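Participant: Sharing a structure here in structure tokens format.
The values are calculated or read from the model by the stated rules, or taken from the named source; none is laboratory data. Please read all numbers here as calculations on a predicted model, not as lab measurements. Positions of Cβ are generated from backbone atoms using ideal geometry, with glycine treated the same way; all protein chains shown enter the neighbour counts.
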Amino acid sequence: MQFTRTLPKSLVHRAAIAEVFLTDAERRGEDEVVLAGQLPRLHAFYDDTLGLRTDHAPMLLLEACRQGIFVVAHRFFDVPADHRFLLRTVDFEVRDPTALMPGSTPTELVIVARIEHRMKGRSGLTGLRLRFTTTIAGREAMSACIAYSWMPPDEWTRVRTEQRTRLGLLETPLALPVPRIEPALVDRRDPANAVISVSCSTGEGGRKALLVPDTAHPVMFDHWVDHVPGMLELEALRQLALTAAVDAGTLTTPAALTVRLSARFRRFGEMDLPLECRTAPAPPGADIPCTLHQSGGVVAEARIGFADRAPAFAHRAQGQAAFLPAPAGVAAGAPTPART
């Protein structure tokens, strides 16, 4: 497996070369594909944190796996380049947090993708469920599973038109302007990387906020799509779950490691209607149930688990130079701003 150049950006459905993380792919059996990838030392979105730079964000590894679903479909199952893709389910679990520690060079990873299930329709193969094992320096860093399907352009147009007509929306989406939460409350330094509005109590022990569909964001909207991307939906639910866990006292700080995620996508999220994220109560030690709602229906649902970084990684911070300064107006070690 080679790490000297990336795969073609069109193969992984990215517009920016800088957002292509996979470098090689090789089929090693009927149900197994091995992928190689390289992670940047510091990613502007996924690795944006107020805490110590002690690890790559697991969501960054998940994005590398997500790019792998396109490689498997196009290169090894001859799915045409113009076909459109749908995420069905996404799961991941961090296996070895210490394997996520970035070094003095970009991180090289090997991802084994195993086919667990083939979805078939009248036209033949229509989707796959892939099980990913991601290793860094020979250590299993994370496991993941993604189920997805694809359809030709004419079918995609029909499905999208039906939903938008049913919701009374125009043919071309126009994203709603939504004010952002204070980025420090969701462990972000860059305000553009806060993807929810100010959160508030649901009155039932959970929290709620609106998703921010910022189509100018260079990562979440690397290229134009006519709906809210699945990775943005997951990030919005993750950020709201952070606020819920800190509010409930189950996390000491929003600078926490996301160690588990399990999600199911029910329908398209439209960017020109409010998308409300909600969490259930966050009991100590338990994953937080989250849902995404729009126009009276559930768009996606997830369960997300966190671990405080400080106790688990304090020993690794000794002698490190990889510190991020506190944002303007926030002293290092100061409590996060009050939430409404």
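Okay, residues lined up against (1) surrounded by 14 or more Cβ atoms within 10 Å (Cβ to Cβ); (2) among the hydroxyl-bearing types (Ser, Thr, Tyr); (3) outside any strand (DSSP E or B); (4) at pLDDT 95 or above:
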residue: ALA81; (1), (2), (3), (4): no, no, yes, yes
residue: VAL90; (1), (2), (3), (4): yes, no, no, yes
residue: GLY103; (1), (2), (3), (4): no, no, yes, no
residue: ILE115; (1), (2), (3), (4): yes, no, no, yes
residue: ARG129; (1), (2), (3), (4): yes, no, no, yes
residue: THR135; (1), (2), (3), (4): yes, yes, no, yes
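Participant: Which condition number does ALA236 fail, the rest of (1) more than 28 Å from ARG164 (Cα to Cα); (2) not in a loop (DSSP other than H, G, I, E, B) being met?
Facilitator: (1)
Participant: Still on this structure, I have one more. With respect to ALA192, determine if the residue is more than 16 Å from the chain's Cα centre (by Cα) and not in a loop (DSSP other than H, G, I, E, B).
Facilitator: Answer is no for this residue.
Participant: Of all residues being in a loop (DSSP other than H, G, I, E, B) and in contact (Cβ under 8 Å) with a residue 40 or more places away in the chain in the stretch 224-233, which is nearest to PRO283 (Cα to Cα)? Just the residue, please.
Facilitator: VAL228
Participant: For the stretch 14-36, name all the residues that are assigned to a strand (DSSP E or B), touching a residue at least 24 places away in the same chain (Cβ under 8 Å) and over 18 Å from the mean Cα position of the chain (by Cα).
Facilitator: Here is the first cut: in the stretch 14-36, the ones assigned to a strand (DSSP E or B) are 22-29, 32-36.
The next check asks that each one be touching a residue at least 24 places away in the same chain (Cβ under 8 Å); those that pass are 22, 25-27, 32-36.
Residues satisfying the conditions are ALA25, GLU26, ARG27, GLU32, VAL33, VAL34, LEU35, ALA36.
Participant: Oh, and also: Assess whether ALA99 counts as being within 23 Å of ARG238 (Cβ to Cβ) and under 17 Å from the mean Cα position of the chain (by Cα).
Facilitator: Numbers: within 23 Å of ARG238 (Cβ to Cβ): yes; under 17 Å from the mean Cα position of the chain (by Cα): no.
Here the answer is no, as ALA99 does not meet what is asked.
Participant: Run down THR157, THR161, THR243 and say which single residue is touching an Asp or Glu at 6+ places or on another chain (Cβ under 9 Å), among the hydroxyl-bearing types (Ser, Thr, Tyr), not assigned by TED's automatic domain parsing to the domain that holds GLU63 and not in a loop (DSSP other than H, G, I, E, B).
Facilitator: THR161
Participant: If TRP150 satisfies every condition in (1) within 21 Å of the chain's Cα centre (by Cα); (2) under 21 Å from PHE21 (Cα atoms) but one, which is the exception?
Facilitator: With respect to (1) within 21 Å of the chain's Cα centre (by Cα); (2) under 21 Å from PHE21 (Cα atoms), TRP150 is out only on (2).
Participant: Ok, one more. Out of the residues in the stretch 16-55 meeting the condition of being out of contact with any helix residue (DSSP H, G or I) (no Cβ under 7 Å at 6 or more places or on another chain), farther than 30 Å from LEU185 by Cβ and aliphatic (A, V, I, L, M), tell me which one is surrounded by the fewest Cβ atoms within 10 Å (Cβ to Cβ).
Facilitator: For the stretch 16-55, the residue satisfying everything is VAL34.
Participant: Moving to a separate point now. Out of all the residues in the stretch 245-256, is one or more in contact with a Phe, Trp or Tyr (Cβ under 8 Å, 6 or more places away or on another chain), crowded, with 21+ Cβ neighbours inside 10 Å and either touching a residue at least 60 places away in the same chain (Cβ under 8 Å) or not aliphatic (A, V, I, L, M) (or both)?
Facilitator: Checked the stretch 245-256: at least one residue is in contact with a Phe, Trp or Tyr (Cβ under 8 Å, 6 or more places away or on another chain), crowded, with 21+ Cβ neighbours inside 10 Å and either touching a residue at least 60 places away in the same chain (Cβ under 8 Å) or not aliphatic (A, V, I, L, M) (or both).
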